[in-house]
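The structure appears below as structure tokens.
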Amino acid sequence: MPSGRERSLANLRPTERGNVLALKHGASSEARIRPVAANHRRRVLRQIGLRSSDLDPLGRGYLDLYCRTQAKVEAIDAYVAAHGLIRADGEPQPVMRLYVSLCNSARLALSRLEAHVQARTTDPVADVQRWLDALPEVEDDDEDEDAPDGT
């Protein structure tokens with residue numbers, strides 16, 4: 001005769017794609033985060049007037065980090081709006097421990113993206129000219145010594 005645990009395990013079925021029965025707030029659900037992050041990415045790029053191809057890999061990484069983190073924050077916001085900040089037992093929702101960290105991560109990622117974009121928007125020709133101007137002057141008194149002898 002099977003034990004109680006074996007009987008309860010026999011009732012379990014494998015989950016199917018798209019199963020959201022156990023989903024709480026969705027902040028750790030890749031299927032929920034990906035489309036929201038894509039919308040954020042398009043919005044941020046439109047607001048700063050750039051295309052994704054205008055950013056280097058580091059800039060795209062900062063953008064992706066900000067967008068995914070902000071999507072998680074919005075998922076938690078929606079959960080708290082639907083279920084309340086305080087549970088029936090008087091405790092805050094457990095996801096609030098993650099919320100503050102995510103907000104801080106989004107803030108830092110956005111400031112790093114901003115600093116990165118500002119650093120990359122300098123004029124490269126002016127940068128090269130400043131670099132050339134900073135080089136020490138080289139005197140060319142020995143031009144005749146380097147020239148091949150014609151005799």
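Per-residue answers, yes or no, for (1) farther than 20 Å from Arg32 by Cα; (2) free of Cβ contacts under 8 Å to residues at least 24 places away in the same chain; (3) part of a loop (DSSP other than H, G, I, E, B):
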{"position": "Ser53", "(1), (2), (3)": "yes, yes, no"}
{"position": "Leu58", "(1), (2), (3)": "yes, no, no"}
{"position": "Cys67", "(1), (2), (3)": "no, no, no"}
{"position": "Lys72", "(1), (2), (3)": "no, no, no"}
{"position": "Ala82", "(1), (2), (3)": "no, yes, no"}
{"position": "Cys103", "(1), (2), (3)": "no, no, no"}
{"position": "Arg107", "(1), (2), (3)": "yes, yes, no"}
{"position": "Arg112", "(1), (2), (3)": "yes, no, no"}
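Residues checked against (1) at pLDDT below 90; (2) in contact with a strand residue (DSSP E or B) (Cβ under 7 Å, 6 or more places away or on another chain); (3) loosely packed, with under 10 Cβ neighbours inside 10 Å:
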| residue | (1), (2), (3) |
| --- | --- |
| Arg46 | no, no, no |
| Val73 | no, no, no |
| Ser101 | no, no, no |
| Gln129 | yes, no, no |
| Pro136 | yes, no, yes |
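When you scan the stretch 106-119, do you find a residue that is among the polar types (S, T, N, Q) and modelled with pLDDT of 95 or more, even just one? Break it down into steps so the answer makes sense when it comes.
First, the residues of the stretch 106-119 that are among the polar types (S, T, N, Q): 111, 118.
Still in the running and modelled with pLDDT of 95 or more: 111.
Within the stretch 106-119, one or more residues are among the polar types (S, T, N, Q) and modelled with pLDDT of 95 or more.
Asp77 versus (1) assigned to a helix (DSSP H, G or I); (2) over 27 Å from the mean Cα position of the chain (by Cα): which is the lone unmet condition?
(2)
Conditions tested, residue by residue: (1) of a type in the set (S, T, N, Q); (2) in contact with a His (Cβ under 9 Å, 6 or more places away or on another chain); (3) surrounded by 12 or more Cβ atoms within 10 Å (Cβ to Cβ).
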| residue | (1), (2), (3) |
| --- | --- |
| Leu58 | no, yes, yes |
| Ala81 | no, no, no |
| Leu110 | no, no, yes |
| Ala115 | no, no, no |
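Restricting to the stretch 84-99, what's the tally of residues that are surrounded by 13 or more Cβ atoms within 10 Å (Cβ to Cβ) and assigned to a loop (DSSP other than H, G, I, E, B)?
Filtering the stretch 84-99 down to residues surrounded by 13 or more Cβ atoms within 10 Å (Cβ to Cβ) leaves 92-93, 95-96, 98-99.
Filter once more, so that each one left must be assigned to a loop (DSSP other than H, G, I, E, B): 93, 95.
The qualifying residues number 2.
The values are calculated or read from the model by the stated rules, or taken from the named source; none is laboratory data. Not measured: the values here are computed from a predicted model. FYI the Cβ positions are ideal-geometry reconstructions off the backbone, even for glycines, and counts take in every protein chain you see.
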